[in-house]
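Structure, as structure tokens:
Every number here is computed from the coordinates shown, using simple stated rules; none is lab data. None of the values given here were measured: they were computed from a predicted structure. Positions of Cβ are backbone-derived with ideal geometry, glycine not excepted, and every protein chain shown enters the neighbour counts.
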Amino acid sequence: MIEQPVQVRSSARYLFLRYWLPVIFCGILIVSLSSIPFRIRHAPFPYYDKVFHFFEYGLFAGLWYRALGRTTRLPERGWWWPGVITILICTLFGVGDELYQKFTPYRSSDIYDLAADASGALAAVILSFARELGRRV
């Protein structure tokens, strides 16, 4: 009897669909939301936009960290490399997003939004580090 080879789930297509497609989708979503020209007359609560930026970039960073950690050789260089690269990429993406909003009607660029973006990315990476350490113990 001839055995069929077991299909390995680490094909390039599988890795792309599982890890990189969500990163791309989230990036497109962020840019799409930044493209909407609108003004908020009454904020639901103080600093709601900073909270939104924090969680938006926290999700984006979590997806980047997962994709870099599972599909690249960065973890072989050190367990912290995917986190460092994730924070840099998300912060630079935030800079680009804020510059883009500067030229979008009824939108503005704000350094505090960028700080919320970077803080959300940092928090997501710290949570990911803690999760990884919990698995190792």
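Points worth noting:
- Using the Cα coordinates of segment 69-137, the gyration tensor eigenvalues translate into equivalent-ellipsoid semi-axes of 31, 13, 7 Å, sorted from longest to shortest.
- Packing here is the average count of other Cβ atoms within 10 Å per residue, and on that basis the peptides 96-103, 117-124, highest first, run 117-124, 96-103.
- Residue exposure proxy: 40, 30, ordered by other Cβ atoms within 10 angstrom of their Cβ from fewest to most, comes out as 40, 30.
- Using the alpha carbons alone, the radius of gyration of segment 17-117 stands to its Kirkwood radius in an Rg to Rh ratio of 1.03.
- Charge sum, other residues only, whose C-beta stays under 12 Å from residue 47's C-beta, Lys/Arg counted +1 and Asp/Glu -1: -2
- Debye log10 I(q)/I(0) at q = 0.14, 0.20, 0.30 Å⁻¹ for segment 13-62, Cα point scatterers: -0.48, -0.79, -1.15
- At full extension, residue 100 and residue 126 could sit 6.6 nm farther apart than now, given 0.36 nm per residue minus the alpha carbon distance.
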